[in-house]
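The values are calculated or read from the model by the stated rules, or taken from the named source; none is laboratory data. Quantities reported herein were computed from a predicted structural model and do not represent experimental measurements. Every residue, glycine among them, receives a Cβ derived from its backbone with ideal geometry; neighbour counts consider all protein chains shown.
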Amino acid sequence: MPNAERRPRRRPGENRERLLQAGISAFGLYGYQGASTSDIAARAGVPQPHVYTNFRTKQELFLACVSRAAELLGEAGPDGDGDGDEQAARLMLQAVAALGTEGSLGGELGERLTALRASIGEQAFESLLLRGARGLLPAVPAPSGRR
């Protein structure tokens, strides 16, 4: 039997952390409905079954990603400009969008978003959502002067 190259064992909790990071990115780009757990697993570099080893449902993973993104934003402040902050801002925009479409998410998701808005303030929360929207739009060149 040929020697299959084995990846080194990960520390306890490392797969969960990788899934959260990948989930923040995927859910931020594609929303709750558009992101798949198989894509998230691939982004995290873990086998698909590990998603459900760490999170009972896709909904649980989504809520955990929203909570982690809120923590990251709270640490960096609402005007953070790192890549992780940009991903977190996109996820918050997608989370607000999911409030209206995902009935089973509504209560817990609404509580988490309300808590974030209260902690950073209404104006900063609106700025965060605008930043998330800008992060989803393709880059548009500045208009040239009219003649």
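Observations on the model:
- Selection from the range 103-119 of residues that are more than 16 Å from Leu91 (Cα to Cα) and touching a residue at least 12 places away in the same chain (Cβ under 8 Å): Ser104, Ser119
- Annotation note: Cβ proximity below 6 Å between a residue of the range 34-56 that is among the small types (Gly, Ala, Ser) and a residue that is surrounded by 17 or more Cβ atoms within 10 Å (Cβ to Cβ) and in a helix (DSSP H, G or I) (sequence gap 6+ or interchain) occurs for Ala35/Ala26; Ala35/Phe27; Ala41/Val51; Ala44/Arg18; Ala44/Leu19; Ala44/Ala22.
- Matching residues, the range 135-147, being hydrophobic (A, V, I, L, M, F, W, C) and either modelled with pLDDT of 95 or more or assigned to a loop (DSSP other than H, G, I, E, B) (or both): Leu137, Ala139, Val140, Ala142
- A single entry from Gly110, Gly121 fulfils the requirement of being at pLDDT 90 or above and at positive phi: Gly121.
- Helices (runs of 4 or more DSSP H) lying entirely in the range 1-88 (those with 3 or more residues that are modelled with pLDDT under 95): 14-34, 49-54, 58-76
- Selection count where residues are among the β-branched types (Val, Ile, Thr) and either outside any helix (DSSP H, G or I) or surrounded by fewer than 18 Cβ atoms within 10 Å (Cβ to Cβ) (or both), scope the range 97-134: 2
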